[in-house]
1. Once the Cβ-Cβ distance between Arg111 and Ala61 is put in as r, and R0 is 30 Å, what FRET efficiency do you end up with, to the nearest 0.05?
2. Residue by residue, what Karplus-based ³J(HN,Hα) values in Hz, rounded to whole numbers, does the range 22-34 have, using 6.51, -1.76 and 1.60 with θ = phi - 60° and x for Gly and Pro?
3. Which cross-chain or sequence-distant (5 or more) residues have an amide H under 5 Å from the amide H of Arg164, H modelled 1.01 Å from N in plane?
4. I'd like the Karplus ³J(HN,Hα) series for the range 45-61: coefficients 6.51, -1.76, 1.60, θ = phi - 60°, whole numbers in Hz, and an x wherever there's a Gly or Pro.
5. Of the candidates Gly143, Gly40, Gly151, which one comes out as most mobile in a Gaussian network treatment of the chain with C-alpha springs shorter than 10 Å?
6. All other residues with a Cβ under 15 Å from the Cβ of His17 taken together, and with Lys, Arg as +1 and Asp, Glu as -1, what is their net charge?
7. Near the amide H of Thr112, under 5 Å away, which other amide H atoms are found, from residues 5 or more places off or on another chain, if H is placed in the peptide plane?
8. Find how many whole Å separate the alpha carbon centroid of the range 207-246 from the alpha carbon centroid of the range 27-44.
Amino acid sequence: MDTAPTLKIAPNNAAFHTLAADIFMGALDRMQDRAAAKNGPIRVVLPTGSTPLGLYRELIAHHAHRRDLWDRFHYVALDDYAGLAPDDRRLFSNWLDRDILKPLSIPSSHRTIFNSAAPSPSAECARMDALLDESGIDIAVLGLGTNGHIGFNEPGSAFDAQTRLIHLSADSLAANAAYWGGIDHVPHTAYTLGLGHIMQARETILLVQGSHKADILHRMLHDPISTALPATALRRMRNVTIIADQAAISAAEPSPQT
Ligand code: GLP
């Protein structure tokens, strides 16, 4: 499936989450043989945000019995706020711990996360990059920022960017305010994996839900590929599936492949 992104459209909210879960489990199944041959893990990047929450609920409710896959599952952080204590509930790693990793009994030894409180951010980024250089990402599940960001690769991020510390854009501060009850609670700096590593993922699933994402999804699919819109990088990647709900597909979208 080395082609342009495949667009899958879900007619409603419930269908969006079941479709996402089915496609995600299919990807895990495809990675299983490769991982088993090496007796190694399946390395999976997972996003935070409101969009993937239904997928996580679906995986816990209907796919938790696939211990053959979950026992190989290894979570790799996509992004996280910087400068917070390890037990801060705003950390994306703690959010995912609550919403998917603990419920699926993924042990802490199967998690590669940012040390938000690392004394040297540059050493912390180098540590992540060294791990990714060695093992790569098997499956990247991604969300789409309303400004076209991927992880926290904000507009202007180079397609070969490495892991780094970034200052959240005004758009991202505003979007993240919804998670924490106001913009004053949103940390201003964050770590993000770079597009350089994300673009090498063996399979990628992009989740896009809601009419507020229609404009940016349309631009991601049709604007010139450019660092001004980081999500256009997905059009240069292999094995990308975009799962969108009807609301995120603007009326202008040419007859999509479902
Ligand atoms: C944050 C995260 C992104 C996520 C985005 C979309 O900015 N850093 O990784 O994709 O939110 O969030 P939502 O799904 O709530 O729109």
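1. Result of the calculation: an efficiency of 0.85.
2. 5, 5, 5, 5, x, 5, 4, 4, 5, 7, 4, 5, 4
3. It is Thr192, Gly194, by chain and number.
4. With the stated coefficients, the range 45-61 comes to 8, 10, x, 9, x, 7, 4, x, 4, x, 4, 5, 4, 5, 5, 5, 6 Hz.
5. Result: Gly40 has the largest fluctuation of those listed.
6. Summing Lys/Arg as +1 and Asp/Glu as -1 gives -2.
7. The list, which skips near neighbours in sequence, is Tyr75, Val76, Ala77.
8. If we compute the Cα centre of each part, the gap is 27 Å.
Each reported figure results from applying straightforward, stated rules to the coordinates on display, with no laboratory input. Keep in mind that what you see is a predicted model, and the values were worked out from it rather than measured. Every residue, glycine as well, gets a Cβ built from its backbone with ideal geometry; the counts of neighbours run over all protein chains shown.
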